[in-house]
Structures are given as structure tokens and as C-alpha cells.
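Input: a single structure, listed below in C-alpha cells.
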Amino acid sequence: MKKQSRTFADYLAQGPDSRMELLDGEAVMMAPPARIHQRVSGELFRQIANFLEGKACQVYAAPFAVRLFEEDGDGPEDVDTVVEPDISVICDERKLDQHGCKGAPDLVMEILSPSTMRHDRLVKWKLYQRAGVREYWIVSPKERTVQVFLLQGGLLCPHEVYGEGDIAKVNVLEGCFIELGKVFAE
């Protein structure tokens, strides 16, 4: 028996208390994040938001709906892939609407937890690559590391690995650096 395909219209009908992503029409429920996840996310967001003050790019923290493959003219019933990256940076304001982001953000950061490790490292990595996300960070609170991937020739290629004492360069934001000692301060 084939599973019922879900769309962005179904996602919108879920309401604010239900967290899920849609991957090619399949609903993936999301557990509430752990405290350390939220602390790391908050510090990454704070540093990026401070850097972007007065600039054109905007940063958003989850929950924030990103419809990676939505095209002009698509309605909510036409969209079957919606993700909620932990951190999204969008530099093209035409991609932003009342529901979130239509198309690939310039930068996506995912913070690993035991329940999302495979999902973030494989499934979402492939989606972000296919959509054309220019820079992808995989942040591991447990290992206290950041893996940076850059889009080159249509592929998200390993670029750099940073540890907890490093200053990490955000490649898509000229002059932006993240103090990982503050991110992993706990």
C-alpha cells in the first residue's frame, strides 16, 4: 500500500505546535530539540544576526519553512518538500514570503542530535546539494566540531573542519567569522 503523499498545504494545516518536514511528499515528524541544541543554535544565530545588522542578508532560526524546490506559480498543493533548517541565511529577499523561504538559502546550518545525525548528514545533505545551497554547516555539539561544505560544480564538497577553539569563516558572507569557543562554551 502506497503512503499518501503530503504537500505544503498539509504542512500549513498542521498548526504551530506540530513540527514536521516533508521530503518528497513523506512527512517526517521532528522531536523537540534538546537544551544543548537550543543553546548552540541561539549562539550561532546571535553571532550571525549581529554581523548582518544593517546588511541585505537575513538569518532565521527554526522553525522556519524552507521550500527548496518551489517554483514560481506553484501553490501549496504543488510543493512536496519542506525542511526546517536549524539556521538559514537568505541574501535574495525575493525568496522570502509570509511562509518562509522559497528556494535554496545561501547558507544552511544543521545541529546534530542523536536522533537526526543520519538525517542531517545524508538525507538533508543530498537535498541541499540538489537545491543549490551554497554553503552547508554540520554542527556537532557532542564532538564540538563544525564541518563546512561548499557548493562547487553542483556538488557540496568538504571545505573545512573546525574545532571548539577555532574561529570559523562563513564563506558566503564576506568578513563573517564565528567564534566557536562561544558556540561550544558549555
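Throughout, read-outs are computed from the coordinates displayed, never taken from laboratory work. What you see is a predicted model, and the numbers here were worked out from it, not measured in a lab. Every residue, glycine as well, gets a Cβ built from its backbone with ideal geometry; the counts of neighbours run over all protein chains shown.
With the condition kept exactly as written, say whether any residue in segment 139-154 is in contact with a helix residue (DSSP H, G or I) (Cβ under 6 Å, 6 or more places away or on another chain) and over 19 Å from E43 (Cβ atoms). Within segment 139-154 (the criterion being in contact with a helix residue (DSSP H, G or I) (Cβ under 6 Å, 6 or more places away or on another chain) and over 19 Å from E43 (Cβ atoms)), the answer is no, since none of the residues qualifies. Taking each residue of segment 18-45 that is over 23 Å from F8 (Cβ atoms) and in contact (Cβ under 8 Å) with a residue 60 or more places away in the chain and looking for partners that are small (G, A, S) and surrounded by 14 or more Cβ atoms within 10 Å (Cβ to Cβ) with beta-carbon atoms closer than 9 Å, six or more apart or interchain, yields A34/S113; I36/S113; H37/S113; S41/A61; S41/A62; L44/A61. Restricting segment 77-115 to residues that are more than 15 Å from F64 (Cα to Cα) and in contact with a His (Cβ under 9 Å, 6 or more places away or on another chain), which is surrounded by the most Cβ atoms within 10 Å (Cβ to Cβ)? Within segment 77-115, the match that is surrounded by the most Cβ atoms within 10 Å (Cβ to Cβ) is L112.
Out of F8, F45, F64, F51, I need the residue that is surrounded by 12 or more Cβ atoms within 10 Å (Cβ to Cβ), closer than 26 Å to C176 by Cα and over 17 Å from the mean Cα position of the chain (by Cα). Which one?
That would be F51, the only listed residue that is surrounded by 12 or more Cβ atoms within 10 Å (Cβ to Cβ), closer than 26 Å to C176 by Cα and over 17 Å from the mean Cα position of the chain (by Cα).
Note on segment 114-138: residues that are under 19 Å from C57 (Cβ atoms) and not in a helix (DSSP H, G or I) amount to 6.
Just give me the residues in segment 48-80 being hydrophobic (A, V, I, L, M, F, W, C), touching a strand residue (DSSP E or B) at 6+ places or on another chain (Cβ under 6 Å) and in a loop (DSSP other than H, G, I, E, B), in sequence order. Within segment 48-80, C57, F64, V79 meet the criteria.
Checked against (1) in a helix (DSSP H, G or I); (2) farther than 18 Å from L156 by Cα; (3) under 12 Å from the mean Cα position of the chain (by Cα), C101 passes all but a single condition, namely (1). Considering segment 146-180, and only residues there that are surrounded by 18 or more Cβ atoms within 10 Å (Cβ to Cβ) and of a type in the set (V, I, T), the residue that is farthest from V83 (Cα to Cα) turns out to be I178.
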